[in-house]
Amino acid sequence: MAGDNQTVSEYIVHHLTNLTYGRLPEGFERYDGSSVPDGGSWVMAHGAEEISAMGFYAIHIDSMLWSVGLGIFFCWFFYRMACLVSEDSPSGPINFVEMVVEFIDNTVKDTFHGKNRLIAPLALTIFVWVFLMNLMDLVPVDLIPYALGLAGVEYQKIVPSTDPNITMGMAVGVFILMLFYSIKVKGFGFVKELTMNPFNHPLFIPVNLFMEVVGLLAKPFSLGLRLFGNMYAGEMIFILIAALFSAGIMWVLPAALLQLGWAIFHILVITLQAFIFMVLTVVYLSMAHEDH
Amino acid sequence: MNINLTLFGQMIAFVCFVVFCMRFVWPPIIAAMADREKKIADGLAAADRANDDLAAAKEAVAQELQQAKVDAAGIVDAANKRASQILDEAKEAALSEADRLKEGAMTEIEQERQRAKEQLRGELSALTMQGARKVLGAEINQNSHERLIEELVENW
């Protein structure tokens with residue numbers, strides 16, 4: 001545990017706090033008693049109060065670095081394999097990459113019947129990237145935060161997909177694509193779909209519009225929050241199990257077993273969540289392409 | 001649970017990675033896999049074609065063999081016919097040769113017989129003369145009775 005004189009609740013809160021860089025409003029009293037000068041100032045947040053005071057003008061450094069880092073790793077690895085791949089018999093990691101690509105290709109072909117060069121690479125990126133982000137959940141919860149804590153970094157949340165900003169960022173990206181293709185493919189039909197469904201009568205336009213807009217907005221929210229919820233809950237259980245280690249020597253063995261069991265189960269969860277995110281993206285985009 | 005600028009940061013990163021994947025990762029892998037699929041399909045088709053060719057060749061060989069058998073049978077027949085013909089001819093020739101030889105032998109025998117007859121006749125006449133001389137004594141003149149003896153021998 002980082003810091004020996006923490007309570008369990010402090011420990012958990014510490015683990016759930018992002019490393020945040022943001023703008024504190026002017027006049028805010030900082031943790032050390034100093035006051036923020038006029039015009040606000042961009043600083044590293046210290047504690048939950050400062051983070052909430054920063055509001056929207058803040059960025060989670062840890063989430064961004066891990067997320068972008070994993071994304072770059074994905075791009076680098078797959079790009080290198082794409083350079084090596086040839087029509088001769090593949091070997092080693094190329095096999096793995098081809099297996100993933102073929103799996104994505106089949107899934108997309110099953111679900112998406114239109115012609116769009118974006119969908120399959122999008123699905124591949126989402127699947128592998130989300131999987132890698134989820135995979136960070138299997139790294140022991142204290143390992144990296146503690147090591148970085150020794151190096152002077154106060155907070156560290158290494159699983160980007162436990163940050164709603166990350167999952168919602170992707171979901172909103174998908175949502176924008178949905179709107180774009182709905183308008184591009186259906187044109188005015190998209191407006192008609194929103195207003196004339198499910199009751200096909202001019203009188204019901206407001207009702208229809210309300211229902212359809214809610215249904216439409218529910219898609220990105222369900223997409224992003226499902227992944228966030230699952231990963232957050234999983235991470236929370238890992239943290240609780242880790243906290244159990246501090247409960248006393250007789251708890252070490254049960255905690256170790258719980259840790260192992262949950263980690264094994266979580267291998268399934270992280271893969272499944274990545275797959276669900278990918279499939280739902282393809283399904284939503286497929287719906288955006290279908291003109292009724 | 002703070003929604004902040006991270007949202008947009010993630011969206012920008014998302015777009016960048018998707019674009020990168022779409023430009024540099026997906027197309028070469030899919031193209032290579034399609035190429036390989038085509039190569040394998042071509043290989044299988046070539047194998048099928050080779051099989052067909054093999055079957056056709058086998059059939060041709062069988063036909064050729066059949067033809068050769070028929071030809072061989074024809075040749076054997078002709079040879080047999082020719083052989084019996086030659087045999088017949090040889091037999092014919094042998095028979096005629098034998099006839100000719102027999103004829104010659106007969107002639108020779110006849111001649112021999114004539115000669116022997118002549119000789120015997122001469123000897124007989126001499127013997128007769130001798131005998132008669134011994135029987136009749138010296139009176140019998142050879143010259144005067146020669147014609148008689150000659151006549152005798154002639155009629156013997």
Completion exercise
Residues of region A:77-135 being among the basic types (Lys, Arg) and assigned to a helix (DSSP H, G or I), in sequence order, are A:Arg80, A:Lys109
Practice task
Considering only region A:8-32, state which residues are within 14 Å of chain B (Cβ to nearest Cβ), free of Cβ contacts under 8 Å to residues at least 40 places away in the same chain and touching a strand residue (DSSP E or B) at 6+ places or on another chain (Cβ under 8 Å).
Solution key: A:Gly22, A:Arg23, A:Leu24
Practice task
Could you grab me the full set of residues in region A:103-120 that are surrounded by 13 or more Cβ atoms within 10 Å (Cβ to Cβ) and under 14 Å from A:Phe275 (Cα atoms)?
Solution key: A:Phe103, A:Ile104, A:Asp105, A:Thr107, A:Val108, A:Thr111, A:Ala120
Exercise for the section: Mind counting the residues in region A:260-292 that are among the small types (Gly, Ala, Ser), in contact with a helix residue (DSSP H, G or I) (Cβ under 9 Å, 6 or more places away or on another chain) and farther than 23 Å from A:Val101 by Cα? Expected result: 2
Exercise for the section: Go through A:Ala151, A:Ala147, A:Ala242, A:Ala171 for me and flag whichever is of a type in the set (Gly, Ala, Ser) and in contact with a Leu (Cβ under 8 Å, 6 or more places away or on another chain). Expected result: A:Ala171
Completion exercise
Just one listed residue, out of A:Val172, A:Val185, is surrounded by 13 or more Cβ atoms within 10 Å (Cβ to Cβ), touching a residue at least 12 places away in the same chain (Cβ under 8 Å) and within 14 Å of chain B (Cβ to nearest Cβ), and it is A:Val172
Practice task
Report, by residue number, each residue of region A:46-55 that is part of a helix (DSSP H, G or I) and surrounded by fewer than 23 Cβ atoms within 10 Å (Cβ to Cβ).
Solution key: A:Ala48, A:Glu49, A:Glu50, A:Ile51, A:Ser52, A:Ala53
Practice task
Report yes if A:Leu203 is more than 14 Å from chain B (Cβ to nearest Cβ), farther than 30 Å from A:Ser67 by Cα and either at pLDDT below 90 or touching a strand residue (DSSP E or B) at 6+ places or on another chain (Cβ under 8 Å) (or both), otherwise no.
Solution key: yes
Practice task
Could you tell me whether B:Ala50 is more than 26 Å from A:Ser91 (Cβ to Cβ) and away from chain A (no Cβ under 14 Å)?
Solution key: yes
Practice task
Determine the pairs where a residue that is within 11 Å of another protein chain (Cβ to nearest Cβ) and over 17 Å from A:Ile72 (Cβ atoms), located within region A:107-129, has a partner that is in a helix (DSSP H, G or I) and among the acidic types (Asp, Glu) with Cβ atoms under 9 Å apart, the partner being 6 or more residues away or on another chain.
Solution key: A:Ala120/A:Asp105; A:Ala123/A:Asp105
Problem - Boolean, A:Val85 is over 28 Å from B:Leu7 (Cβ atoms), in contact with a Pro (Cβ under 7 Å, 6 or more places away or on another chain) and surrounded by 13 or more Cβ atoms within 10 Å (Cβ to Cβ) - result: yes
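One line per residue, one yes/no per condition, for (1) under 19 Å from the mean Cα position of the chain (by Cα); (2) loosely packed, with under 10 Cβ neighbours inside 10 Å; (3) at pLDDT below 95:
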| position | (1), (2), (3) |
| --- | --- |
| B:Leu44 | no, no, no |
| B:Asn51 | no, no, no |
| B:Val61 | no, no, no |
| B:Gln67 | yes, no, no |
| B:Ala73 | yes, no, no |
| B:Ala93 | no, no, yes |
Exercise for the section: Keeping to region A:52-73, report how many residues are of a type in the set (A, V, I, L, M, F, W, C), within 7 Å of chain B (Cβ to nearest Cβ) and out of contact with any strand residue (DSSP E or B) (no Cβ under 9 Å at 6 or more places or on another chain). Expected result: 2
Fill in the blank from the handout: Scanning region A:146-169 for residues that are away from every other protein chain (no Cβ under 14 Å) and part of a loop (DSSP other than H, G, I, E, B) gives A:Ala151, A:Gly152, A:Val153, A:Glu154, A:Gln156, A:Ile158
Fill in the blank from the handout: Note on A:Ser89: of the conditions (1) within 11 Å of chain B (Cβ to nearest Cβ); (2) of a type in the set (S, T, N, Q); (3) closer than 25 Å to A:Met133 by Cα, unmet is (3)
Exercise for the section: Give the number of residues within region A:17-45 that are under 27 Å from A:Ile239 (Cα atoms) and surrounded by fewer than 16 Cβ atoms within 10 Å (Cβ to Cβ). Expected result: 2
Fill in the blank from the handout: Scanning region A:125-173 residue by residue, the ones that are within 15 Å of A:Thr281 (Cα to Cα) and among the small types (Gly, Ala, Ser) total 3
Exercise for the section: May I ask you to list pairs of residues, at least six apart or on different chains, whose Cβ atoms are under 8 Å apart, with the first in region A:56-71 being assigned to a strand (DSSP E or B) and the second being surrounded by fewer than 24 Cβ atoms within 10 Å (Cβ to Cβ) and among the hydrophobic types (A, V, I, L, M, F, W, C)? Expected result: A:Ala58/A:Ile51; A:Ala58/B:Leu5; A:Ile59/B:Leu5; A:His60/A:Leu19
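The values are calculated or read from the model by the stated rules, or taken from the named source; none is laboratory data. Here the structure is a predicted model, which means the values were calculated and not measured. Reconstructed Cβ throughout: ideal geometry from the backbone, glycine too, with neighbour counts over all protein chains shown.
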